[in-house]
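Single-structure report; data block below.
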Amino acid sequence: MSTLAQERVADTTQRGVVGALARLEAARLLRSPALWVGVVLTVAFSVASMQFPEDWSGARYTVSPGLVGPLVICASFAVASSFHRERVGLAADAPVGEATRTLGRLTGAVVLIGVAAVLTAVGAMLVRTYGGLDLGDEPGRTLHAQFTAPEILQPVCLTALAVGVGAAAGRRFQHRASAMLALFIGWFPFVGFSWAFQSALVTPFSVVQVQPVSVEVGPVSADPLTFPADWLLSAPGEFQDHWARLFVSARLAAGHDLWLIGLALLFVALALPRGARTWPTVIGGLLAVTGVVCQYLVIP
């Protein structure tokens, strides 16, 4: 048999092994209690958010990105448990290499991204059926705000990042408990306090991006009727001593999605064997930097 033929047989065999491992891993992840705890909590928080009072302007819109937080954290837990099995002594004696096993696990974890996509699609359809959400203060207010396509994709990209982070933690922490603790501590500030990254200066580096971004446009004494009619506005109040523009942008959200995918690839690189890290690191770094730059170029 020629060398080329041998390489083709080897490639076919590897693809078959990766596919078999991916199917096995996907089934395990779908049976994971952590995953379904995340799904239940996300649905419960989403239902609770719809009970916010009507006079709490913009609350339903701004909390929506963080509602997927429980699913993201729990997805990381499930993937970390999967990859921690690589640290078991028997893994070194497996009939396939570490790179193949890692690729199989990562491919299987795509099922978690699919779960996030389904939940996100259902939520977006419900918002559209509801007629949109209120956002802003008079005279710059709307009752029919809809999420842009890149905003809708954010939970999917966040789940991809959760897969990467979980894979890295499960593979690199010696003890499973340490991996879980690190994941919780790492995710909690970004999920629990996502509103803290809402200013124009830091929002490009946020993990859970909350739109609209608040941009100061005038003092308390300013006449809001002098601002452009298409601006969404936030009036001065107890926690704000100025008029602000509520900036919502599909391009900003698209840049953020790019940033998340870049981060996901960087964490995936940490889960890979040393010789397989180069391209995910390079591509992930370029995407992350490009995403941040694109966001800064968009924010007024």
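The values are calculated or read from the model by the stated rules, or taken from the named source; none is laboratory data. Remember, predicted model here, so these are calculated numbers, not experimental data. Heads up, the Cβs are rebuilt from the backbone with ideal geometry, glycines too, and the neighbour counts pull from every protein chain shown. Note: areas computed on protein heavy atoms with side chains; ligands, DNA, RNA excluded. Shrake-Rupley method; radii C 1.70, N 1.55, O 1.52, S 1.80 Å.
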- For the chain, with only Lys/Arg (+1) and Asp/Glu (-1) charged at the beta-carbon, what is the dipole magnitude about the Cα centre, in debye rounded to 20? 1620
- Task: Please determine, in degrees from 0 to 90 and to the nearest 10, the orientation of helix 250-271 with respect to the longest principal axis defined by the Cα atoms of the chain, where the helix direction is its Cα long axis.
- Result: 30
- Query: Rg and Dmax of region 172-297, using alpha carbons, in Å: what are they?
  - Reply: 19.0, 61
- Task: Please grab the % of Cα pairs in the chain that end up more than 24 Å from each other.
- Result: 56
- Pulled fully out, how much extra length does the chain show between R31 and A44, if you take 0.36 nm times their separation in residues and subtract their Cα-Cα distance? 2.7 nm
- Item | Residue-averaged [θ]222 nm for the chain, counting only DSSP H segments that reach four residues, each worth -39500 (n - 2.57) | -21000 deg cm²/dmol
- Between 0 and 90°, nearest 10: helix 98-130 axis offset from the chain longest Cα axis: 30
- Dividing the convex hull volume of the alpha carbon atoms of region 217-283 by its residue count, what do you get in Å³ per residue? 116
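Sorted by average packing, counted as other Cβ atoms within 10 angstrom per residue and highest first, what order do 260-273, 217-230, 280-293, 109-122 take?
On the way: 260-273: 21.6, 217-230: 11.4, 280-293: 16.5, 109-122: 18.5.
Descending mean neighbour count gives 260-273, 109-122, 280-293, 217-230.
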- Message: Let me check I've understood the local charge: for L233, count other residues with C-beta under 14 angstrom from its C-beta, Lys and Arg +1, Asp and Glu -1. What total comes out?
- Response: -4
- Task: Please calculate the 1.4 Å probe accessible area of L41, with all protein chains present, and give it to the nearest 10 Å².
- Result: 70
- Message: Leaving out ligands, DNA and RNA, and with a 1.4 Å probe, what % of the accessible surface on the chain is carbon or sulfur?
- Response: 69
- Find the accessible area per residue for region 155-300; the probe is 1.4 Å, ligands and nucleic acids are left out, and the unit is Å². 49
